[in-house]
Amino acid sequence: MKRHHIPGVIDVFEVSEPQEIDAISNDPRFDRKFDSATCPFNWLLLKRSLSVLSYGKNRFPTMKPRDSVERKSDQQVLWNRLNLMVPRVKLGPEELEPLSNWVRGRGTDESLGLRAQQVLGRLFSESFVATPESWDAAVTLVTAPRSSNVFKLIWWNLSGKIRRAKRQLAGMMRNDLSAVNAIGIAVHNLVKSLRRMRQIYADIKLRKTLCPLEAVDQCLTAPVSIYRQATAAGELNGHQISNGSLFILNIGEAARTEGAGRFIFMRDTWSACPAERWVPAMLEGVWARANAED
């Protein structure tokens with residue numbers, strides 16, 4: 001655990017070790033309330049993320065706190081609905097053909113985002129049609145919270161680019177922020193997984209040795225990082241923490257550690273992804289369908 005600390009200016013911990021991420025995830029002192037008084041740099045990081053990952057004065061589900069009743073209910077409902085789809089999607093239904101076709105090498109890199117967004121969008125709306133504009137909006141949303149280009153971010157805010165991106169995706173999803181998160185944020189992790197799957201498929205010898213489950217295990221990609229904030233002062237693994245200390249959990253790096261695949265979907269934690277079973281099953285279906293030609 002690495003601390004960046006200048007009293008009154010910054011108090012940020014970067015955490016990459018699986019055991020430490022587990023400890024923070026299981027400790028009720030660490031949350032997504034993001035309402036504790038904090039120092040200027042911490043505030044800037046949180047303000048940037050919350051301003052992007054909120055719409056209509058409501059946070060995206062991935063930014064709601066641990067004790068939110070609405071979050072718990074919505075998360076469980078979506079979990080149940082997606083799990084019902086698992087048996088069918090892992091068989092490689094026809095709607096996965098655009099993704100399987102891309103994995104076979106038939107399609108430009110630029111087209112992948114649209115294809116992935118289309119599949120996720122249809123989970124929430126049967127009339128959803130991904131467009132270049134909707135994909136551009138998704139790229140804007142995923143870039144804005146992490147970009148180090150201060151001038152670009154200032155321009156995007158002044159020009160209303162971020163606001164328009166959220167409005168466009170929310171309009172397509174009837175203001176369902178779980179759906180907006182799927183087609184605007186989570187879709188990028190799916191794109192990374194599919195790019196890896198295409199690389200594996202291109203290696204003829206390798207692909208013939210992998211069953212769908214093995215291929216999926218090699219492809220799944222975790223988000224780069226997630227935020228948590230201390231809601232009380234105290235101690236953690238020998239480090240003194242303050243009320244308002246910001247923790248950046250580098251789950252993308254941690255998930256690459258042997259035996260730490262649970263961080264891809266934050267499995268068995270209060271913030272687990274509702275698509276924990278559906279995404280691997282869908283990728284399994286994509287792989288099976290791509291290899292059906294062999």
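How many residues does region 261-288 contain that are of a type in the set (Val, Ile, Thr) and surrounded by fewer than 21 Cβ atoms within 10 Å (Cβ to Cβ)?
So the count comes out to 1.
Please enumerate the residues belonging to region 9-50 that are without any contact (Cβ under 8 Å) to a residue 60 or more places away in the chain, loosely packed, with under 14 Cβ neighbours inside 10 Å and under 25 Å from Leu153 (Cα atoms).
Result: Val9, Asp35, Pro40, Leu44, Lys47.
Restricting to region 144-196, give me the number of residues that are of a type in the set (S, T, N, Q) and modelled with pLDDT of 95 or more.
Here the count works out to 6.
Taking the condition of being out of contact with any Asp or Glu (no Cβ under 9 Å at 6 or more places or on another chain) and not in a strand (DSSP E or B), how many residues in region 29-64 meet it?
23
Taking region 86-115, which residues are in a helix (DSSP H, G or I), touching a Lys or Arg at 6+ places or on another chain (Cβ under 9 Å) and either open to solvent by 20 Å² or more (accessible area, probe 1.4 Å) or charged (D, E, K, R) (or both)?
Across region 86-115, the qualifying residues are Glu94, Glu95, Glu97, Pro98, Asn101, Asp109.
Inspect all residues belonging to region 17-37 and state whether any of them is modelled with pLDDT of 95 or more, over 26 Å from Glu253 (Cα atoms) and basic (Lys, Arg).
Within region 17-37, none of the residues are modelled with pLDDT of 95 or more, over 26 Å from Glu253 (Cα atoms) and basic (Lys, Arg).
With the condition being more than 14 Å from the chain's Cα centre (by Cα) and of a type in the set (Lys, Arg), I'd like the strands (runs of 3 or more DSSP E) fully within region 206-268 carrying at least 1 qualifying residues.
It comes to 226-230.
Only one of (1) open to solvent by 30 Å² or more (accessible area, probe 1.4 Å); (2) among the charged types (D, E, K, R); (3) at pLDDT 95 or above fails for Glu258. Which number is that?
All conditions are met except number (3).
When the residues of region 51-69 are filtered to those that are within 16 Å of Asn175 (Cα to Cα) and β-branched (Val, Ile, Thr), which remaining residue is most open to solvent (accessible area, probe 1.4 Å)?
That would be Thr62.
Could you tell me which residue of region 236-254 is nearest to Pro98 (Cα to Cα), considering only residues that are modelled with pLDDT of 95 or more and open to solvent by 20 Å² or more (accessible area, probe 1.4 Å)?
Among them, the one singled out is Glu253.
Against the conditions (1) surrounded by fewer than 17 Cβ atoms within 10 Å (Cβ to Cβ); (2) not in a helix (DSSP H, G or I), where does Phe128 fall short? Just the number, please.
If we test Phe128 against (1) surrounded by fewer than 17 Cβ atoms within 10 Å (Cβ to Cβ); (2) not in a helix (DSSP H, G or I), just (1) comes out false.
The values are calculated or read from the model by the stated rules, or taken from the named source; none is laboratory data. Here the structure is a predicted model, which is why all the values come from computation and not from measurement. Positions of Cβ are generated from backbone atoms using ideal geometry, with glycine treated the same way; all protein chains shown enter the neighbour counts. Only protein heavy atoms, including side chains, enter the accessible area calculation; ligands, DNA and RNA are left aside. Shrake-Rupley method; radii C 1.70, N 1.55, O 1.52, S 1.80 Å.
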